[in-house]
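Every number in this text was worked out from the coordinates using simple rules, so none of it is lab data. For clarity, every value in this text was computed on a predicted model and none was experimentally measured.
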Amino acid sequence: MSTPSSSAANGSAALHTTARPRSGHWTPPRLASAASSRLVPPPCRASSGSPTPSPRRRPTDHAAVKLDQGAAAPSVPVIDVGGTDHGAVVAAVRRAAEEWGAFLVTGHGVPQEVTSATLRAARAFHDADGGEGSEKARLFSREPGKSVWYNTNFDFYDSPVANWRDSLYINMDPNPPDPAELPENCRDVFFDYGKHLKRLQETLFGLLSEALGLNQSYLSDIGYNQGQMVYCHYYPPCPQPELAIGMVPHSDWGFLTILLQNEVDGLQVLHNEEWVNVVPIPGAFIVNLGDLLQMLSDDRFKSCEHRVLATSVGPRVSIGSYPTRWFNQDLWPHQGATVP
């Protein structure tokens, strides 16, 4: 497994993603050349009568999969983390981490008005015009280390096919941005959302520590619960979804990602060599475990491989949050290091 760049040793996430493609040879994402970085790719927009642009067409080995898998299909575990039987909650987290590497959480204490407002704000930003003088033009960047930035694809100049997705990134902790750096409609909403997600992150770290047979505070005490990046992905309706990719199959480098999605299908996780739909549940969060946790647990817990299909409906909006302190190489375990 490749380690993150040391350029983020101060805790600020210098890379634009935690995604690591699983198929074929992979090289960590690199910044585009100075010349190409001045070219702003268009956002993922196409009318229903327009063909899918060739740079965004999927590779031939990305097989189209129907979203309707039927009632007999397996489903990602749903865990009420606010349940009164704490031992049963820990056991459910352990099972899901070992068998799936992903689970949905309810009973998390994040108010529905907060999640709804955050999804609305994210969609409003992405739905807005991106012309000269717009918020999108102001925030567009492929430079590392910024507090807030927007782009149409983190590896647009490197990948053989671009993902059908636009993204807004906000580095919330340890050095939160000046409110004026955020899009105007997102400022209060995202700061509030970030605070709620930090508390949920702490809860999940405690449950995962206990699921490994450790003290509840162990994984936080050793530093992996520090920092926070929030990103907002936007997947517009695709006129030819059978030819495109929402997000290529990948696992995440880090510890875990907490994901909020709207009502539009598309996210799938790999389970027993089959792709399983993650059916949206209003108010629920999806937790994807990452490569770092798999390594720390000595492969007891799985890193979740997942992807997003392009669809003809939408837009699909997803908002992720993950700790960023793992970018610091001082905290990256040496090969073979595991939790006790």
- Once fully extended, how much extra length lies between residue 188 and residue 175, figured as 0.36 nm per residue of separation less the alpha-carbon to alpha-carbon distance? 3.0 nm
- Estimated translational D of the stretch 78-324 in µm²/s (Stokes, Kirkwood radius over Cα pairs; 10 °C; 1.306 mPa s): 86
- Note on the structure: From the Cα centre of the stretch 226-284 to that of the stretch 185-222, the distance in Å is 20
- Straight-line reach from residue 302: which aspartates and glutamates have a Cα under 18 Å away, not including same-chain ones fewer than 8 places off? 98, 99, 210, 252, 273, 274, 291
- Task: For residue 146, go through the aspartates and glutamates and keep the ones whose alpha-carbon is under 13 Å away, minus same-chain ones fewer than eight residues off.
- Result: 173, 178, 181
